Amino acid sequence: MLDAQAQAGQTGRMTPIYKIFRADEYAAFVRDGVSDGAPIDLSDGYIHISAAAQVAETAAKHFAGADGLKLLALDADTLGDALRWEESRGGALFPHLYRPLRAEDVLWARDLPLIGGVHQFDGLLT
């Protein structure tokens, strides 16, 4: 996994997008170096990802009250044609990855704190 500065240096720009994993999903990803995503991703045929402005709502809607989550940052500009921005919730465009997520796609992975039943993103989003 590259740090954000090294990744941005390769492309000259960076558009951060975010994937949330449950602890077991993240452990499998670390173990295997690749993931087809969560059960919903497998069912839908692509990996659900969120832009910075969308990720808190994604956490509240799909991971409410879940502890032990990992937030992974990816650079949309390095994912090529496998990344498509498609209409979803309320007509908003969401990033969907149409290939497995690979360890080298990840800029960083951090714990997503849960305080008072709400996931805390302060200081996490780049």
Checklist outcome for this item: Out of Leu97, Leu74, Leu114, a Gaussian network model of the chain with alpha-carbon springs under 10 Å gives the largest mean-square fluctuation to Leu114
Checklist entry - For labels at Val30 and Ser88 in the simple 7 Å Cα→Cβ model, what's the distance in nm? => result 2.5 nm
Checklist outcome for this item: Labelled set [x] 23, 16, 14; [y] 26, 17, 14; [z] 20, 17, 16; semi-axes √(5λ) of the Cα gyration tensor in Å computed from this model equals the value at [z]
Next on the checklist: Among Lys19, Lys61, Lys70, which one shows the highest mean-square fluctuation when the chain is modelled as a Gaussian network with alpha-carbon springs under 10 Å?
Outcome noted: Lys61
Checklist outcome for this item: In whole Hz, the Karplus estimates of ³J(HN,Hα) for segment 114-126 (6.51, -1.76, 1.60; θ = phi - 60°; x where Gly or Pro) are 10, 10, x, x, 10, 6, 9, 9, 3, x, 8, 7, 9
Item to check | Under 5 Å, built H, 5+ apart or other chain: amide partners of Leu69 | outcome: Leu112
Next on the checklist: Running a GNM on the chain with Cα contacts under 10 Å, which residue among Gly37, Gly80, Gly90 ends up with the highest mean-square fluctuation?
Outcome noted: Gly90
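Going by C-beta contacts inside 10 Å, put Ile20, Ile115 in order with the fewest on the left. Don't jump to the answer; show the numbers that get you there.
Values: Ile20 22, Ile115 8.
If I rank by nearby Cβ atoms, fewest first, I get Ile115, Ile20.
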Item to check | Nitroxide proxy distance, nm - points 7 Å out along Cα→Cβ at Asp122 and Arg22 | outcome: 2.9 nm
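Once you list every other residue whose beta carbon is under 10 Å from the beta carbon of Tyr46, what net charge do they have if Lys and Arg are +1 and Asp and Glu are -1? Can you show the working numbers first?
Working: positive: Arg84, Arg99; negative: Asp36, Asp41, Asp44, Glu86.
Net charge in that neighbourhood comes out at -2.
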Checklist entry - Which FRET efficiency value, to the nearest 0.05, is calculated for Ser43 and Asp81 with the Förster distance at 22 angstrom and r the Cβ-Cβ distance? => result 0.45
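Taken together, the values in this text are just the output of simple stated rules run on the coordinates, not laboratory data. Everything numeric in this text was worked out from a predicted model, so none of it was measured. In this analysis, Cβ positions are derived from the backbone assuming ideal geometry, glycine residues included, and neighbour counts consider all displayed protein chains.
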